[in-house]
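Contents: one structure, followed by commentary.
The values are calculated or read from the model by the stated rules, or taken from the named source; none is laboratory data. Keep in mind that what you see is a predicted model, and the values were worked out from it rather than measured. Methodologically, a virtual Cβ is constructed for each residue, glycine included, from the backbone with ideal geometry; neighbour enumeration extends over all protein chains shown. In case anyone asks, the SASA skips ligands and DNA or RNA and just uses the protein heavy atoms, side chains included. Shrake-Rupley method; radii C 1.70, N 1.55, O 1.52, S 1.80 Å.
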Amino acid sequence: MKKPSTWRILLYSLMSILLVMVVATVWGSHYMLGVSLGDLSGKDINARRQLLLEESPEVVAWADSLREAQVMRDTFMTTSDGRRLHAVFAPADSSTKSTIVIVHGYTCNYLSSLKIARMLRDHLGLNIFMPDLHGHGLSDGDEVQMGWKDADDVMGWLPLVSSLFCDSTEARIVIDGVSMGAATTMNVSGKNYPRQVKCFIEDCGFSSVWDELSSELQNRYGLPAFPLMHTASYLCKLRYGWSFSEASPVEMVRRCKAPMLFIHGDSDDFVPTRMVYALYEAKPQPKQLWVTKDTDHAHSFRNHPEEYERRVRQFLKSAGVIDTLQ
């Protein structure tokens, strides 16, 4: 039998290597998409409540007391594509036209917003509205939307928010979010939101889904963006209708003319601190920036509660959401 020539051996070897690389890339892209968008641990209300009970029993007691008094209540919305979304709301103790929509982070649900909601309601006198994002809490959904399509869902809640506590023409709305909720908030800021929305607060949001996932790919696995990010983004477009590159809060804030407060921990390595500077630079005036010292991801309020409250109060006064007497 005639032996294959050297060039044929080389060709077959290269083709085998290429095939292995293609298969590994496709498998890796599916795995990456599943890890990034398939974590629905935020649907487990009981687990989140237990965690909150261990960390902050006083916050659970506060929320339970409001529920028992029927002050804190649930509401649901059905979207145009048939999804059922859940939210929780509570009026302030004193009548006010100002309401803050508090958007939770990645794989969380409205319960993770209760700590800051307590401060915003009881200390700053705001009505509170806390939605469960798609795929989280009691809301329908089989994947995480990374704040991109979530912005449309938050927009869908705004007519109800405007009319819950006062005449809708007089409502003053703040949209506030942490981490992925902050990305959602910034994505809303670039849309044609109603005039009742007066300002935005984003706490440790990422500049784009591409930036965030490529950063995690490097930090967790030591891998470069190419080729997994490109193929996973393409799969996301095929499966969910959006790509990593188009889901870009930094581009959305360029369109925002309302005031925005940017908050970020100086030691954040999950959503790297450098991202907040790009976001702040992109946002037109008016805007404010507070980088908190010795703080990792999503812990600015925990580490600096008094300063956090003071700065948020000052920002909301400057935006005309609360008056100088509050």
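So for the stretch 215-234 (the condition being open to solvent by 50 Å² or more (accessible area, probe 1.4 Å), at pLDDT 95 or above, charged (D, E, K, R) and not in a loop (DSSP other than H, G, I, E, B)), does at least one residue qualify? Looking for residues that are open to solvent by 50 Å² or more (accessible area, probe 1.4 Å), at pLDDT 95 or above, charged (D, E, K, R) and not in a loop (DSSP other than H, G, I, E, B), one finds none in the stretch 215-234, hence no. Among residues belonging to the stretch 294-326 that are more than 13 Å from Met260 (Cα to Cα), modelled with pLDDT of 95 or more and among the hydrophobic types (A, V, I, L, M, F, W, C), point out the one that is farthest from the chain's Cα centre (by Cα). My answer is Phe301. Assessment of the stretch 269-278 against the conditions (in a helix (DSSP H, G or I) and within 16 Å of Val178 (Cα to Cα)) yields at least one matching residue. Contact map, the stretch 69-95: residues that are aromatic (Phe, Trp, Tyr) paired with residues that are open to solvent by 100 Å² or more (accessible area, probe 1.4 Å), Cβ distance under 7 Å, separation 6+ or inter-chain. Pairs shown: Phe76/Arg84; Phe89/Arg73. On the stretch given as the stretch 271-286, residues that are open to solvent by 40 Å² or more (accessible area, probe 1.4 Å) and charged (D, E, K, R) total 2.
Taking the criterion of being in a strand (DSSP E or B) and within 21 Å of Ala151 (Cβ to Cβ), would at least one residue in the stretch 41-56 satisfy it? Within the stretch 41-56, not a single residue is in a strand (DSSP E or B) and within 21 Å of Ala151 (Cβ to Cβ). Regarding the stretch 141-150, can at least one residue be identified that is touching a Lys or Arg at 6+ places or on another chain (Cβ under 8 Å), crowded, with 19+ Cβ neighbours inside 10 Å and among the aromatic types (Phe, Trp, Tyr)? No, every residue in the stretch 141-150 fails to be touching a Lys or Arg at 6+ places or on another chain (Cβ under 8 Å), crowded, with 19+ Cβ neighbours inside 10 Å and among the aromatic types (Phe, Trp, Tyr).
Residues considered: Thr75, Thr79, Thr96. Of these, the only one that is more than 26 Å from Ile322 (Cβ to Cβ), open to solvent by less than 60 Å² (accessible area, probe 1.4 Å), more than 19 Å from the chain's Cα centre (by Cα) and at pLDDT 95 or above is Thr79. Reported count of residues in the stretch 244-293, each being over 16 Å from the mean Cα position of the chain (by Cα) and hydrophobic (A, V, I, L, M, F, W, C), is 7. In the stretch 248-282, how many are over 12 Å from Phe206 (Cβ atoms) and free of Cβ contacts under 8 Å to residues at least 60 places away in the same chain? Number satisfying all stated conditions: 8. When the residues of the stretch 160-181 are filtered to those that are more than 21 Å from Ser94 (Cβ to Cβ) and more than 11 Å from the chain's Cα centre (by Cα), which remaining residue is least open to solvent (accessible area, probe 1.4 Å)? Going through the qualifying residues, I end up with Ile175.
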